[in-house]
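S.K.: Below is the structure I would like to discuss, written out as structure tokens.
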Amino acid sequence: MTDGTEKCNPKIEENQREDRRAFRKFIVLLLVSMVVGGITGAFSTMAAKEQADIGAGITAGLQKIAPYANLVIAAALAVWMTGMLCGGRAEYRRWDGEEEQLIEKIERKLGIGVIVTNVALIAGFFFLQPA
């Protein structure tokens, strides 16, 4: 008989950790999809109501959100990157110089941060107003 105090199967614990990680990625993907879908829907509605040309609808939409978009992108990126860099710094302090998986995880996080920063910079160019 067992009294329920023995340790769970390590494979079950590993699967649960992977499920939690996958759920977090799913939530991020869901939020990004909501934003992209909302923007696409708004542009489609604008094009259907007043604009015969999709390009004119996109231009009108960008002109309306341009004053705020760069500020929002920069603020969100600063908050996200600060959290990512602080987490990476804490993991680096825990690194003993031996475990390669930990340092690879840190490098992957920093690489993702660089990519996201560059994509945000490129996206910011779309919100520049012509003089």
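The values are calculated or read from the model by the stated rules, or taken from the named source; none is laboratory data. Note that this is a predicted model, so its numbers are computed, not measured. Here the Cβ positions follow ideal geometry from the backbone for every residue, glycine too, while neighbour counts run over all protein chains shown. Ligands, DNA and RNA are excluded from the accessible area calculation, which covers all protein heavy atoms including side chains. Shrake-Rupley method; radii C 1.70, N 1.55, O 1.52, S 1.80 Å.
S.K.: Could you tell me which residue of segment 96-130 is farthest from A60 (Cα to Cα), considering only residues that are among the charged types (D, E, K, R) and assigned to a helix (DSSP H, G or I)?
M.R.: Within segment 96-130, the first condition is being among the charged types (D, E, K, R), and the residues that meet it are 96, 98-100, 104-105, 107-109.
This time we only want the ones that are assigned to a helix (DSSP H, G or I), so: 100, 104-105, 107-109.
Values: E100: 50, E104: 44, K105: 42, E107: 40, R108: 38, K109: 36 Å.
Restricting to residues being among the charged types (D, E, K, R) and assigned to a helix (DSSP H, G or I), the top hit is E100.
S.K.: Among (1) out of contact with any Gly (no Cβ under 8 Å at 6 or more places or on another chain); (2) open to solvent by less than 90 Å² (accessible area, probe 1.4 Å), which single condition is A42 missing?
M.R.: Every listed condition holds for A42 apart from (1).
S.K.: Let me ask something else. Given (1) closer than 23 Å to A123 by Cβ; (2) surrounded by 13 or more Cβ atoms within 10 Å (Cβ to Cβ); (3) touching a residue at least 12 places away in the same chain (Cβ under 8 Å), where does E91 come up short, assuming only one miss?
M.R.: Checking E91 against (1) closer than 23 Å to A123 by Cβ; (2) surrounded by 13 or more Cβ atoms within 10 Å (Cβ to Cβ); (3) touching a residue at least 12 places away in the same chain (Cβ under 8 Å), the one that fails is (1).
S.K.: Additional query: Look at R93 and say whether it is modelled with pLDDT of 85 or more, more than 22 Å from the chain's Cα centre (by Cα) and of a type in the set (K, R).
M.R.: yes
S.K.: A follow-up question, please. Can you say whether I103 is of a type in the set (V, I, T) and either surrounded by fewer than 13 Cβ atoms within 10 Å (Cβ to Cβ) or in contact (Cβ under 8 Å) with a residue 12 or more places away in the chain (or both), as far as the supplied structure shows? First the steps, then the outcome.
M.R.: Numbers: of a type in the set (V, I, T): yes; either surrounded by fewer than 13 Cβ atoms within 10 Å (Cβ to Cβ) or in contact (Cβ under 8 Å) with a residue 12 or more places away in the chain (or both): no.
Criteria not met by I103.
S.K.: So is A66 open to solvent by less than 60 Å² (accessible area, probe 1.4 Å), under 21 Å from the mean Cα position of the chain (by Cα) and closer than 19 Å to I115 by Cβ or not?
M.R.: So A66 fails the test.
S.K.: Look at R93 and say whether it is part of a helix (DSSP H, G or I) and farther than 22 Å from V32 by Cα. I'd like the intermediate steps shown before the answer.
M.R.: Details: part of a helix (DSSP H, G or I): yes; farther than 22 Å from V32 by Cα: yes.
Considered against the rule, which asks whether it is part of a helix (DSSP H, G or I) and farther than 22 Å from V32 by Cα, R93 comes out as yes.
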